[in-house]
1. For region A:335-340, take each phi angle, set θ = phi - 60°, evaluate the Karplus expression 6.51 cos²θ - 1.76 cosθ + 1.60, and give the result in whole Hz per residue in order, putting x for glycine and proline.
2. Suppose we keep just the DSSP beta bridges with both residues in chain A; what percent of those would be antiparallel, to 5?
3. Sequence-distant or interchain residues sharing an amide H contact under 5 Å with A:Lys35, placed H: which?
4. Please report Rg over Rh for chain A, where both radii come from the alpha carbon positions and Rh follows the Kirkwood definition.
5. Can you tell me how region A:29-93 classifies by the Cα gyration tensor, rounded, prolate or oblate, using a/c under 1.5 as the rounded cut?
6. Whose amide H sits under 5 Å from the amide H of A:Ala173, counting only residues 5 or more places off or on another chain, with H placed in the peptide plane?
7. Restricting to Cα pairs below 8 Å that are 6+ residues apart, what does the relative contact order work out to for region A:319-466? Please round to a whole percent.
8. Which shape class applies to region A:319-466: rounded if a/c is under 1.5, otherwise prolate when a/b exceeds b/c and oblate if not, where a ≥ b ≥ c are the square roots of the Cα gyration tensor eigenvalues?
Amino acid sequence: MIVTRFAPSPTGYLHIGGLRTALYSFLWARKNSGKFLLRIEDTDLARNSKEAAEAILEAFKWTGLANDGEILYQSERFDLYKTYVKQLLDANKAYKCYMSKEELDVLRESQMANKERPRYDGRYRDFNGTPSEGVEPVIRIKAPTEGQISFKDGVKGEVVFNVKDMLDDFIIARSDGTPTYNFVVTIDDALSGITDVIRGDDHLSNTPKQIVIYQALGWKVPNFYHVPMILNPEGKKLSKRDGAVDVMDYKKEGYLAEALLNFLIRLGWSHGDQEIFSLEEMRTLFDPSNINKSASAYNAEKLLWLNTHYIKTLPSERLIEELKYFDVDISLHVKKDVLIDALRDRAKTLKEFALHVRQILDTPQNYDEKAVEKFLTPQGIEILKGYFEALVSNGAMSETSEFELFTKDFLEKKELKLKDLAQSIRIAMVGSAVSPSIFEVLSIIGYQEVVKRIENLISYLRRDYEQ
RNA sequence: GACCCCAUCGUCUAGUGGUUAGGACACCGCCCUCUCAAGGCGGGAACAGGGGUUCAAAUCCCCUUGGGGUCGCCA
């Protein structure tokens, strides 16, 4: 059985890079009817916070990637980790190191000065004298001192590290007794039965260290897939400076979770020429072995295009639900279907969609001056007045087609084109020269309010001329 | 600096020795049209450079260049 996991550390928000590896892990598990586990890596008590952990979980929930089983919190498992530290100590596969931080710094600096890669020199590896007073030891693992460590990465292929210039006896437990990252990751992955580790390739050089631990404990090394980083549009590492990297920002900006997921799966992975993937298609088609080897730059326009696509195809009920997040509730509006059909193709985000809804539903408080100047010329006003009178004497109507028929009939009698009237109506209805098709807008607004809005505009114009 | 990874249009990518190097986003043009979009049609745009291997190289090998990552008692 395939078991994958996502293991964020709660130092901030859920990053889109993290979401992508989570997506890949999720899909790979689901495709193989395996399990997808979630683990919170909160061993750094000073830097982690409960709020950050909750924020990550909330974002995760929004994306709809459901994890299996209980969420593991590493902060609750310190006693467990200690038993494995002790086991290695007892087996003489790890040892206490009494070197102080200051001494380490000195060593590091001299190595840097010699243009060497800084590494611990192993001075306490076989130490059995009396340690100096007042230094609480760290626990270091006995790593191999020569040869190579290699593994077959599912994305990169065969990766080989030379032990000599790469590995040292790294710390598995700090002087205060708490275990370190590489150690707990390995313990938890092994104990959880993780078979496939899919993570960012910034972890590539942690992998040989983790393999050392697997081997020291006599455990089976899992399959690794190191996926390339996401770069910003300039090709540099994506960071907070580049704006939207927090997954929840996408929700706030009006992106659909399925659009974000679709965007992310295509960043570094592809299936021929296909661009649009439903979650179901992702599940059946995804395979980590065709993840790209190279890093990919973040391209906001493609995401926007995908979001536009998903808004266009989203069931109306879902759209109405999503709009509520942006303080627009049209669930009880009699013309909600006309409204949605009129706007669906013109919004790139839900936020924009909500704005468009308000522009139609709210009575305009002011009018776009340039539009008024351009279209409400003396003749324009005359035509609008004529239309207003005809509208009043005709009496109420409701459907889009009724408004259309009535308007075309009016124009025909006056020997006018729709062009001569449409913009004026538009200004009366929404205050500007931009809106969906006017017949739909009239129908949505409703006869009474339509009459009122035209009247408003006419009296506004009269006031304007009197001054 | 050392080590590791990477390299096809501006961007995301297809391509696994023989293709007019394909698709998508963006851009430009045309059409549709009551505005703005959406949509339809069309266009420009790439194998980083240099050596090999081969009848044949975007595809295999080497070097150079460029980019990225890692070098913590952080994760």
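1. Values, residue by residue: 9, 4, 5, 5, 4, 5 Hz.
2. Numbers: 16 of 30 bridges.
Taking every DSSP beta bridge with both residues in chain A, the antiparallel ones total about 55 percent.
3. A:Ile2, A:Val3, A:Thr4
4. Details: Rg = 32.2 Å, Rh = 27.1 Å.
That ratio equals 1.19.
5. Numbers: a/c = 3.94, a/b = 1.52, b/c = 2.60.
Taking the square roots of the gyration eigenvalues as a ≥ b ≥ c, region A:29-93 is oblate.
6. Under 5 Å from the amide H of A:Ala173 lie the amide H atoms of A:Ile139, A:Thr180, each far enough along the sequence or on another chain.
7. Working: 131 pairs, mean separation 44.2, N = 148.
Computed over region A:319-466, the figure is 30 percent.
8. Values: a/c = 2.04, a/b = 1.51, b/c = 1.35.
Taking the square roots of the gyration eigenvalues as a ≥ b ≥ c, region A:319-466 is prolate.
None of the figures in this text is laboratory data; all of them are computed from the coordinates on show. All values derive from a computational prediction rather than experimental measurement. Cβ: placed from backbone, ideal geometry, glycine included. Neighbour counts: every protein chain shown.
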